[in-house]
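Written out below as structure tokens is the structure these notes cover.
The values are calculated or read from the model by the stated rules, or taken from the named source; none is laboratory data. Quick caveat, the model's predicted, so the values are computed rather than measured. Heads up, the Cβs are rebuilt from the backbone with ideal geometry, glycines too, and the neighbour counts pull from every protein chain shown.
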């Protein structure tokens, strides 16, 4: 039996690590926990609570809007939308209310999809 105990990380493929880091650290305000280069490519990890969002750049690892998708929980959804628009972030899905949350889908510079999310109070 495999007996998986947690998700170690979610990873997005990127083609230009410097451009990706500018977006993830500038527009999204994430702080890198680790970063390294190897013969297999480049890697950056951002720790968000007990979870890790990673970026990887390697010849065989290609970005896609239909691949992995992380949802980033925000404290103030409207302020987050204003911040993203001020950074000229491209929206895949405009802000949308659902019965349980508010969400929007954005693109990173490589076309990967990221969900911006705010749970509604119960």
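A quick yes/no check of all residues on (1) assigned to a loop (DSSP other than H, G, I, E, B); (2) surrounded by 14 or more Cβ atoms within 10 Å (Cβ to Cβ); (3) within 14 Å of the chain's Cα centre (by Cα):
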residue	(1), (2), (3)
5	yes, no, no
22	no, no, yes
29	yes, no, yes
46	no, yes, yes
56	no, yes, yes
63	yes, yes, yes
83	no, yes, no
99	yes, no, no
110	yes, yes, yes
### Task
Please determine, by comparing only the residues of segment 85-97 that are within 14 Å of the chain's Cα centre (by Cα) and part of a strand (DSSP E or B), which one is modelled with the lowest pLDDT.
92
#### Entry: Residue list for segment 65-77, filter: in a loop (DSSP other than H, G, I, E, B), surrounded by 14 or more Cβ atoms within 10 Å (Cβ to Cβ) and either modelled with pLDDT of 90 or more or touching a helix residue (DSSP H, G or I) at 6+ places or on another chain (Cβ under 7 Å) (or both)
74
